[in-house]
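K.L.:
Quick one: structure below, then a few questions.
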Amino acid sequence: MFGELCQEFPPVIIRLRKVSSTMDIAKEFAVKGAPEWTVVIAEEQTSGRGRLGRRWISPRGGLWFSLILHSKTGIHEKLYILPAIAGVSVATTVKDLYGLQAKLKWPNDIILHEKKLGGILIESLAVGENITHILGIGLNVNIDSTRTGLSDLGAVSIRDVLGREVDISILLKGILNSLLRYFFIDKKSLLEMYRGLCETIGKRVKIILENSVVEGTAIDVSHDFSLIVVDDDGQRQRILWGDVIHLR
């Protein structure tokens with residue numbers, strides 16, 4: 001019913017062709033008792049989504065997957081740094097495999113050449129008496145962004161930059177290995193790596209919050225992975241979450 005269940009490479013990988021969203025399918029498997037680190041990957045999503053339920057265009061040729069993390073692993077203590085763990089994992093893997101200098105846009109975007117290469121999404125649900133978190137990662141890999149219209153939305157793919165297609169299975173394996181490694185790295189080392197990859201630091205930014213808008217210069221990422229901004233009034237602000245636009 002749910003496609004091929006493959007255990008050749010740990011963790012369990014569930015490979016699907018076309019789904020509404022890997023996030024939704026991962027939640028179904030989590031409720032049915034899927035083990036820790038189960039991965040749901042699809043060739044195509046018809047209703048992929050990003051933060052705040054925004055539509056995420058997910059045609060064939062991309063890497064669309066979701067990872068199940070149960071509360072028993074201590075994920076609650078790491079939840080606020082999970083976007084950083086995922087971002088560092090993706091950026092370092094893309095560099096190691098293809099020599100591309102992928103960067104991070106706070107809080108959850110992966111960018112390449114100032115364009116959006118991918119994004120990270122985290123959603124939670126109750127499973128019995130425990131809370132399970134689903135980590136979703138979407139990357140534009142073997143997609144012609146001009147033909148699909150993604151370039152008009154400010155997106156780019158690995159194929160666009162390399163001029164050739166790459167093996168998505170190898171990319172997935174590399175990212176999973178990095179996730180497992182950085183999940184257990186000490187926070188200080190993770191923060192140093194994140195700061196080195198974060199393209200938002202030093203940029204003039206516009207940040208859309210729930211009830212206000214902040215404009216200023218992003219100067220750092222704090223110990224709790226919040227964004228530190230000096231606004232146009234010269235006030236130092238700590239931003240926990242928001243939509244960030246790089247102005248220059």
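K.L.:
Where residues in segment 111-133 are hydrophobic (A, V, I, L, M, F, W, C) and within 11 Å of the chain's Cα centre (by Cα), which of them is nearest to ILE175 (Cα to Cα)? Step through it out loud before you land on a result.
P.N.:
Taking segment 111-133 and keeping what is hydrophobic (A, V, I, L, M, F, W, C), we get 111-112, 117, 120-122, 125-127, 131.
So of that shortlist, the ones also within 11 Å of the chain's Cα centre (by Cα) come out as 111, 117, 120-122.
Working: ILE111: 16, LEU117: 14, ILE120: 13, LEU121: 15, ILE122: 16 Å.
Only one residue fits best here, namely ILE120.
K.L.:
Take THR92 and tell me if it is of a type in the set (Ser, Thr, Tyr) and crowded, with 17+ Cβ neighbours inside 10 Å.
P.N.:
Working: of a type in the set (Ser, Thr, Tyr): yes; crowded, with 17+ Cβ neighbours inside 10 Å: yes.
Criteria met by THR92.
K.L.:
What are the residues in segment 9-41 that are among the charged types (D, E, K, R) and within 19 Å of PHE183 (Cβ to Cβ), if any?
P.N.:
First, pick out the residues of segment 9-41 that are among the charged types (D, E, K, R): 15, 17-18, 24, 27-28, 32, 36.
Once the filter is applied, which keeps residues that are among the charged types (D, E, K, R) and within 19 Å of PHE183 (Cβ to Cβ), segment 9-41 yields only GLU36.
K.L.:
For segment 173-215, what are the residues that are of a type in the set (Gly, Ala, Ser) and in contact (Cβ under 8 Å) with a residue 40 or more places away in the chain? Outline the logic, then answer.
P.N.:
The first filter runs over segment 173-215 and keeps only residues of a type in the set (Gly, Ala, Ser), leaving 174, 178, 189, 196, 202, 212.
Of everything in segment 173-215, those that are of a type in the set (Gly, Ala, Ser) and in contact (Cβ under 8 Å) with a residue 40 or more places away in the chain turn out to be GLY174, SER178.
K.L.:
Of all residues in segment 37-62, how many are exposed (fewer than 15 other Cβ atoms within 10 Å of the Cβ) and either at negative phi or in a loop (DSSP other than H, G, I, E, B) (or both)? Lay out the reasoning, then the answer.
P.N.:
To start, the set of residues in segment 37-62 that are exposed (fewer than 15 other Cβ atoms within 10 Å of the Cβ) comprises 46-47, 52-55, 60.
Subset that is either at negative phi or in a loop (DSSP other than H, G, I, E, B) (or both): 46-47, 54-55, 60.
So the answer is 5.
K.L.:
Considering only segment 154-198, how many residues are modelled with pLDDT of 95 or more, buried (at least 18 other Cβ atoms within 10 Å of the Cβ) and either of a type in the set (Phe, Trp, Tyr) or farther than 30 Å from LEU16 by Cα (or both)?
P.N.:
Of the residues in segment 154-198, 6 are modelled with pLDDT of 95 or more, buried (at least 18 other Cβ atoms within 10 Å of the Cβ) and either of a type in the set (Phe, Trp, Tyr) or farther than 30 Å from LEU16 by Cα (or both).
K.L.:
I'd like the full set of residues that are under 18 Å from GLY118 (Cα atoms) and either among the polar types (S, T, N, Q) or assigned to a helix (DSSP H, G or I) (or both), limited to segment 178-205.
P.N.:
Passing the criteria: SER178, LEU179, TYR194, LEU197, THR200.
K.L.:
Next question, about the same structure. If the requirement is being part of a loop (DSSP other than H, G, I, E, B), of a type in the set (A, V, I, L, M, F, W, C), over 16 Å from GLY87 (Cβ atoms) and touching a residue at least 12 places away in the same chain (Cβ under 8 Å), which of these qualifies: VAL166, VAL161? Outline the logic, then answer.
P.N.:
Working: VAL161 fails: part of a loop (DSSP other than H, G, I, E, B).
Going through VAL166, VAL161 in turn, just one is part of a loop (DSSP other than H, G, I, E, B), of a type in the set (A, V, I, L, M, F, W, C), over 16 Å from GLY87 (Cβ atoms) and touching a residue at least 12 places away in the same chain (Cβ under 8 Å): VAL166.
Quick grid of which residues meet (1) farther than 18 Å from PHE183 by Cβ; (2) among the acidic types (Asp, Glu); (3) part of a loop (DSSP other than H, G, I, E, B); (4) modelled with pLDDT of 95 or more:
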position: GLY87; (1), (2), (3), (4): no, no, no, yes
position: ALA91; (1), (2), (3), (4): no, no, no, yes
position: LEU117; (1), (2), (3), (4): yes, no, no, yes
position: ALA126; (1), (2), (3), (4): yes, no, no, no
position: ILE143; (1), (2), (3), (4): yes, no, yes, yes
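K.L.:
Next question, about the same structure. Being under 17 Å from ASP109 (Cα atoms), outside the structural domain of ARG60 (by TED's automatic domain parsing) and touching a Ser or Thr at 6+ places or on another chain (Cβ under 8 Å) narrows it down to one residue among LEU150, LEU179, LEU135, LEU227; which is it? Explain how you work it out, then say what you get.
P.N.:
Working: LEU150 fails: outside the structural domain of ARG60 (by TED's automatic domain parsing); LEU179 fails: outside the structural domain of ARG60 (by TED's automatic domain parsing); LEU135 fails: outside the structural domain of ARG60 (by TED's automatic domain parsing).
Just a single option satisfies the conditions, and that option is LEU227.
K.L.:
Moving on. Collect the residues in segment 220-244 that are exposed (fewer than 14 other Cβ atoms within 10 Å of the Cβ) and aliphatic (A, V, I, L, M), keeping them in residue-number order.
P.N.:
LEU240 - this is the single residue of segment 220-244 that is exposed (fewer than 14 other Cβ atoms within 10 Å of the Cβ) and aliphatic (A, V, I, L, M).
The values are calculated or read from the model by the stated rules, or taken from the named source; none is laboratory data. Remember, it's a predicted structure, so these values are computed and weren't measured experimentally. Note: ideal-geometry Cβ built from the backbone for every residue, glycine included; neighbour counts use all protein chains shown.
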